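The values are calculated or read from the model by the stated rules, or taken from the named source; none is laboratory data. Just so we're clear, the structure is a prediction, and the values are computed from it rather than from any experiment. Cβ placement follows ideal geometry from the backbone for every residue including glycine, while neighbour counts extend to all protein chains displayed. Accessible surface areas use protein heavy atoms only, side chains included; no ligands, DNA or RNA. Shrake-Rupley method; radii C 1.70, N 1.55, O 1.52, S 1.80 Å.
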Amino acid sequence: QLQLVESGGGLVQPGGSLRLSCAASRSTLAYTHIGWFLQAPGKEREGVSCISRIALATHYAVFVTGRFTVSRANVKDMVFLQMNGLQPEDTAIYSCAAEWRPFPSICALINEQGRYTTWGQGTKVTVSS
């Protein structure tokens, strides 16, 4: 069974940057979308971004637009989340999720979670001075 593993989290100062990675145990050629989500302490999980595999269209939650960028490395088939200008309110567990469907869902629906068939365990991001 395909597994996803996130990495790159850690402790950063306000205004700092981190790059998260989402790696699959097997090739992700069949996936349609990769989503990033966050779950802050005591709060529900929220959508951060979605990227489509073939079209490479990207969509972002309003609270990260202009600061976060999702991208894909074609050679290694890795998905990244570059996070700049981090603020304390960005502190959360960040998870990636993969959708496998014959026909993709609407990537722009950032908060849709049920469409994703495989989830990573998450990586912790802490923004604090």
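In this structure, Ser7 qualifies as over 22 Å from Phe103 (Cα atoms) and hydroxyl-bearing (Ser, Thr, Tyr).
Restricting segment 45-104 to residues that are at pLDDT 95 or above and in contact with a Pro (Cβ under 7 Å, 6 or more places away or on another chain) leaves a set whose member that is surrounded by the most Cβ atoms within 10 Å (Cβ to Cβ) is Leu86.
Residue count for segment 41-59, restricted to those that are more than 14 Å from the chain's Cα centre (by Cα) and closer than 17 Å to Thr126 by Cβ: 3.
Restricting attention to segment 114-129, the residues being modelled with pLDDT under 95 and more than 19 Å from Ser21 (Cα to Cα) number 3. Filtering segment 23-44 to residues that are modelled with pLDDT under 95, buried (at least 16 other Cβ atoms within 10 Å of the Cβ) and of a type in the set (A, V, I, L, M, F, W, C) leaves Ala23, Ala24, Ile34. The set of residues in segment 114-129 that are open to solvent by 20 Å² or more (accessible area, probe 1.4 Å) and either out of contact with any Phe, Trp or Tyr (no Cβ under 7 Å at 6 or more places or on another chain) or aliphatic (A, V, I, L, M) (or both) comprises Gly114, Trp119, Gln121, Lys124, Thr126, Ser128, Ser129.
So how many residues does segment 70-105 have that are under 10 Å from the mean Cα position of the chain (by Cα) and closer than 18 Å to Gly10 by Cβ? Don't jump to the end; show me each part of the working.
Start the filter on segment 70-105 by keeping residues that are under 10 Å from the mean Cα position of the chain (by Cα), which leaves 70-71, 79-82, 94-98.
Next, from what is left, pick out any that are closer than 18 Å to Gly10 by Cβ: 80-82, 94-96.
The qualifying residues number 6.
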